[in-house]
1. Condition check: more than 29 Å from residue 65 (Cα to Cα) and buried (at least 16 other Cβ atoms within 10 Å of the Cβ). Does residue 53 satisfy that?
2. Would you mind stating whether residue 11 is β-branched (Val, Ile, Thr) and outside any helix (DSSP H, G or I)?
3. For the range 14-31, which positions are surrounded by fewer than 18 Cβ atoms within 10 Å (Cβ to Cβ) and in a helix (DSSP H, G or I)?
4. Mind checking whether some residue in the range 53-69 is within 8 Å of the chain's Cα centre (by Cα), on the phi < 0 side of the Ramachandran plot and at pLDDT 95 or above?
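The values are calculated or read from the model by the stated rules, or taken from the named source; none is laboratory data. Just so it is clear, the model here is predicted, and its values are computed rather than measured. Virtual Cβ from ideal backbone geometry, glycine too; neighbours counted across all protein chains shown.
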Amino acid sequence: MAVAAFVLGLTGLLVMNIVLGPTAIVLASLALLRGTARRGRALLGLGLGVADLVVLAVLVTANGSVVWGFGG
């Protein structure tokens, strides 16, 4: 679960952050609650999931949409 959270969080920075961010947060939290041996990877997945949501908030505030773009 910790590795899946890391991969989903990392992928979520580029695509589908509205879905992959919360999924990474949930998986990382479950991995930490179950006492995973890969605690660092789970914490990284948790941080990346939060970063996904921050990127989403910035995109929505700056562009008014959830799509990467350069304006114009």
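1. no
2. Against the criterion (β-branched (Val, Ile, Thr) and outside any helix (DSSP H, G or I)), residue 11 does not qualify.
3. Those that are surrounded by fewer than 18 Cβ atoms within 10 Å (Cβ to Cβ) and in a helix (DSSP H, G or I): 18, 19, 22, 26, 29, 30.
4. No: zero hits.
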